[in-house]
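Before any comments, here is the structure.
The values are calculated or read from the model by the stated rules, or taken from the named source; none is laboratory data. Everything quoted here is computed from the prediction, not taken from an experiment. Counting neighbours? That spans all protein chains shown, and the Cβs are built from the backbone with ideal geometry, glycine included.
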Amino acid sequence: MTRTLYEFGSALYRNRADMTKAIAEEWITAQGSNSAEFVAETLCRMSDNDMAAECIEGWGLNMADDCGDGDETHMSFNDYDATDLATEFREMRQPTGESK
């Protein structure tokens, strides 16, 4: 069976890319609490890989879920890795309208 929905933060996404984009945006904006200036400064100060690592560690995305069977992480269940998140942080640096 093909997977059709991905979940993060109690929201469903049609594909993995939409979900990883949402994760990156939620992390860098602190769910809307960080200012645009802070976001811009963070994008200048940190590498894509560093932001992905901090996001994963800070939110425990690589930790086994204590719901269900407890063996699967959010990352394994939703089939993404640190590279996928780093790609989304890199995309945030692109001027609006530019393609990948």
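The residue of the stretch 30-46 that is farthest from Ala82 (Cα to Cα), among those that are loosely packed, with under 12 Cβ neighbours inside 10 Å and of a type in the set (D, E, K, R), is Glu37. Looking only at the stretch 7-26, residues that are in contact (Cβ under 8 Å) with a residue 60 or more places away in the chain and touching a Phe, Trp or Tyr at 6+ places or on another chain (Cβ under 6 Å) come to 5 in all.
Taking the criterion of being in a helix (DSSP H, G or I) and either under 14 Å from Ile56 (Cα atoms) or of a type in the set (A, V, I, L, M) (or both), the residues of the stretch 7-23 that qualify are Ala17, Met19, Thr20, Lys21, Ala22, Ile23. Any residue at all in the stretch 52-62 that is touching a strand residue (DSSP E or B) at 6+ places or on another chain (Cβ under 6 Å) and over 18 Å from Ala11 (Cβ atoms)? Yes, there is a match, as at least one residue in the stretch 52-62 is touching a strand residue (DSSP E or B) at 6+ places or on another chain (Cβ under 6 Å) and over 18 Å from Ala11 (Cβ atoms). Taken over the stretch 6-29, the criterion of being closer than 20 Å to Arg90 by Cβ and loosely packed, with under 13 Cβ neighbours inside 10 Å is satisfied by Asn15 alone.
Which residues, taken from the stretch 36-87, are touching a helix residue (DSSP H, G or I) at 6+ places or on another chain (Cβ under 9 Å), outside any helix (DSSP H, G or I) and either among the hydroxyl-bearing types (Ser, Thr, Tyr) or at pLDDT 90 or above (or both)? Those that are touching a helix residue (DSSP H, G or I) at 6+ places or on another chain (Cβ under 9 Å), outside any helix (DSSP H, G or I) and either among the hydroxyl-bearing types (Ser, Thr, Tyr) or at pLDDT 90 or above (or both): Met46, Ser47, Gly60, Leu61, Asn62, Met63, Asn78, Asp79, Tyr80, Asp81.
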